[in-house]
Structures are given as C-alpha cells and as structure tokens.
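Reviewing the structure listed below.
Coordinate-derived values only; no laboratory data. Because the structure is predicted, anything quoted here is derived from the model rather than measured. Don't worry about glycine lacking a Cβ; one is built from the backbone with ideal geometry, like all the others, and counts go over all protein chains shown.
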Amino acid sequence: MAEVLVHVDHLDGAVRKPTLELLTLARRLGDPVAVFLGAGADAAAGVLAEHGAVRILTADAPEFADYAIVPKVDALQAAHDAVRPAAVLLPSSAEGKEIAARLAVRLDSGIITDAVDLSTDDQGPVATQSVFAAAYTTTSRVTQGTPIITVKPNSATPEAAPAAGTAEPLTVTFGDAATGTKVTSRTARESTGRPELTEAAIVVSGGRGVGGAENFAVIEALADSLGAAVGASRAAVDAGWYPHSHQVGQTGKSVSPQLYVAAGISGAIQHRAGMQTSKTIVAVNKDAEAPIFELVDYGVVGDLFEVLPKLTEEIKAR
Ligand code: FAD
C-alpha cells in the first residue's frame, strides 16, 4: 500500500490533536508514516503508533528548535525522497502552511491548503475545501508532483488504529538557508488555561452585543463551564474588548469546532467565513431577524445577559 507522510505537530514531544486527526485521515489514502522533528520522539512514538503510524521517521537537531521553518522543510524533503509518498499532510497552522508552501516549491508539486476532508479515488487523493466565506464546498486534487495538503484542525475525530510504528532515524542534510534565521527573544503569553482557539472542540464567541470588555466575563464563564475557547467578532476586537488573537472570521482565525456558540453576533459574511464549517452552531441574539439565525442549528432569541448565565449555571450543575 502507498505510504502517506504526516508532519507531526508537537510541543516538546506532546503530540497535538490536529496530528492525530491527520493520521486518521491519512489512513484513507494509504499507510501513515509520521515525521517527528525535534526532541521527544520516544515519548511521542506510542501515541503516533496507536493512531495508525506504520513508521515514525525521527530527526533531532538544534536547528529544529524555536519553530524554525527551513530546517523542517529540509527534513520533510529528505523524508519525501526516502519514502516517495502518495501525499504529504500537514496541519493548517501558520507553521504547517509555511512548511507546506516551501516544500511544494522544492518538490515542484501542487499544494492544497485548508482542506476540511480527504478521500481518495483511482487517481489519488481528493481534498474538500470550504471556499468563498464557506458559500461553496469544492473538491480538488493535485495534478503535478506529490500532493502536499494542509488540513484544518477539527476536520476529523482522531480514531485509534494500533500499528507497529517505532521511531527510526531520518538522515537530514541541512541546506545553507537552515541557519538563516534565529529567534532573538521570546515572550510567553499569559495562560488562561483555555484551549487554543483553532484547536478547541468548543468555541464560545462574543460580539458587539456584549457591550464592553468587562462583560466578556459572561462569555468566559460559559466557555469555562464547557471547557471551551473564547472567540470574538471583529466589532468586539476593534472596540478593544478582546485581543485580536481571538478574532474569528475572514481577517481573524478560522475555526471548525464541534460546537460554536455565537452570543451578541449578527452573523456578517466576514464572521461566517471563519466559523461556518463548525459542526453545530448555536446563537443567542435579541434580534429575531439577525442573519446569524440563517445558519444556526439552535437559536435563542433573547438577551445574552439573561440566557448565558442560566446556561452556565445549568451546565455547571450537571
Ligand atoms: P454587530 O453586527 O453590530 O451585531 C451585534 C449583534 O448583537 C446584533 O445582531 C444585536 O442584535 C446583538 N445584540 C445586541 N445586544 C444584545 C444582547 N444584550 N443580547 C443578545 N444579542 C444582542 N468581522 C468578524 O467578526 N471577523 C472578521 O474577521 C471580519 N473581517 C472583516 C473584513 C473586512 C474586509 C470587512 C469589511 C469586515 C470584516 N468584519 C469581520 C466585520 C463584519 O463585517 C461585521 O461588521 C462584524 O462581524 C460585526 O460584528 P458583530 O456581529 O459583533 O456586531
């Protein structure tokens, strides 16, 4: 069976959930071969094999530290040349997309970004994308070289499929550009204890209807009762009520959680662009005519300051 390379996204060896989703999707295309770069491969090998990795190619070098991109492109190119895979899959993170783009140039291959589903037919991998503010769903395939595909987080539910993969060394020769950048400083973001917005299974977002920075406590309380991430509309971000890193939409982040709760958000096309592929959408809005109600699975016409605290209380009681 053809092999499919999966670039492992991890933090000091802790494999991130989008990688497990990629391994699950990769099994539809062939036998997954994980490429683990940096320290911690032995700790990660178990979870990668549990999710179907038939081989785990590993390389560790100082060059991989600090989210350096080019050394990882060098390594993936080496893995590609060794395996000759049917496709290379990466998560649709900022890092994943930059690696994918550079790798596609190196290999003279076509690239598809932000896929939300993968399948295969007799001509090879087929990627599904949600385009034009999620107004259309398209399917496409790469027609030149090895398909390089980035997949959005939450596009699949990770499924265990134990395989025999163990860590095996990958030989990487770094090009001159590998040392062309270095991290000069690092500022840790204050941790809220909440999941990362683009990876969260549940997102609770607030908009202009929240009415002020301090009122976002109502959004955060519901989010915390659900173990969710907090999002915001651009109106709320532009007003300075919540950081831009939490903006959902065309000029913010794109999320695809199992559950998206929009509170005090009207549902402008630019907001929809970032959340319309959510599996279940719930809106709380006091205007029954708000456009957000056109796309929801469940809608509550009401004041968010009445509805959200009751919801939070109810969830906490369970
Ligand atoms: P509004 O449209 O003002 O809606 C507020 C809603 O809250 C209303 O429906 C109101 O009925 C409801 N409400 C008020 N009080 C309450 C209450 N107490 N309880 C319940 N409901 C209440 N927007 C984004 O979100 N993300 C983007 O990435 C983005 N990118 C953009 C890019 C471009 C190029 C442009 C032109 C615009 C972009 N926008 C983006 C802006 C977008 O067009 C909208 O202006 C924005 O999404 C509106 O935010 P909102 O829904 O919070 O505010």
I'd like to know if the range 266-278 contains one or more residues that are within 12 Å of the ligand (Cβ to nearest atom) and of a type in the set (Ser, Thr, Tyr). yes
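Looking at Val204, Val210, Val230, which is the one that is within 21 Å of the chain's Cα centre (by Cα), touching a residue at least 40 places away in the same chain (Cβ under 8 Å) and under 22 Å from Val296 (Cβ atoms)?
Values: Val210 fails: within 21 Å of the chain's Cα centre (by Cα); Val230 fails: touching a residue at least 40 places away in the same chain (Cβ under 8 Å).
When all the criteria are applied, what remains is Val204.
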If you go through Val203, Val218, the only one that is under 22 Å from Thr280 (Cα atoms) and assigned to a helix (DSSP H, G or I) is Val218
Could you identify the single residue in Ala217, Ala235 that is within 13 Å of the ligand (Cβ to nearest atom) and not charged (D, E, K, R)? Ala235
Please count how many residues of the range 283-303 are within 6 Å of the ligand (Cβ to nearest atom) and either surrounded by 23 or more Cβ atoms within 10 Å (Cβ to Cβ) or closer than 18 Å to Ala232 by Cα (or both). 5
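Give Ser256, Ser266 a once-over and let me know the one that is in contact (Cβ under 8 Å) with a residue 60 or more places away in the chain and of a type in the set (Ser, Thr, Tyr). Quick ask: steps written out before the conclusion?
Details: Ser266 fails: in contact (Cβ under 8 Å) with a residue 60 or more places away in the chain.
Unique residue meeting the criteria: Ser256.
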Condition broken by Thr280, with the remaining ones in (1) farther than 21 Å from Ser130 by Cα; (2) loosely packed, with under 14 Cβ neighbours inside 10 Å satisfied: (1)
Suppose the filter is away from the ligand (no atom under 13 Å from the Cβ) and either in contact (Cβ under 8 Å) with a residue 40 or more places away in the chain or at negative phi (or both); does Glu306 pass it? no
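Considering only the range 1-52, state which residues are within 17 Å of the chain's Cα centre (by Cα), part of a helix (DSSP H, G or I) and under 19 Å from His80 (Cα atoms). Walk me through it before giving the result.
Residues of the range 1-52 that are within 17 Å of the chain's Cα centre (by Cα), as a first pass: 6-11, 14-26.
Checking the rest, the ones that are also part of a helix (DSSP H, G or I) come to 17-26.
Listed by number, the residues that qualify are Thr19, Leu22, Leu23, Leu25, Ala26.
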Inside the range 53-75, can you point out the residues that are of a type in the set (A, V, I, L, M, F, W, C), over 13 Å from Asp9 (Cα atoms) and in a helix (DSSP H, G or I)? Val70, Val73, Ala75
Quick one: would you say Asp81 is touching a residue at least 60 places away in the same chain (Cβ under 8 Å) and either assigned to a helix (DSSP H, G or I) or out of contact with any strand residue (DSSP E or B) (no Cβ under 9 Å at 6 or more places or on another chain) (or both)? no
Evaluate the following for Gln123: is it out of contact with any strand residue (DSSP E or B) (no Cβ under 6 Å at 6 or more places or on another chain), among the polar types (S, T, N, Q) and free of Cβ contacts under 8 Å to residues at least 24 places away in the same chain? yes
Against the condition assigned to a strand (DSSP E or B) and under 20 Å from the mean Cα position of the chain (by Cα), how does Thr157 come out, does it pass? no
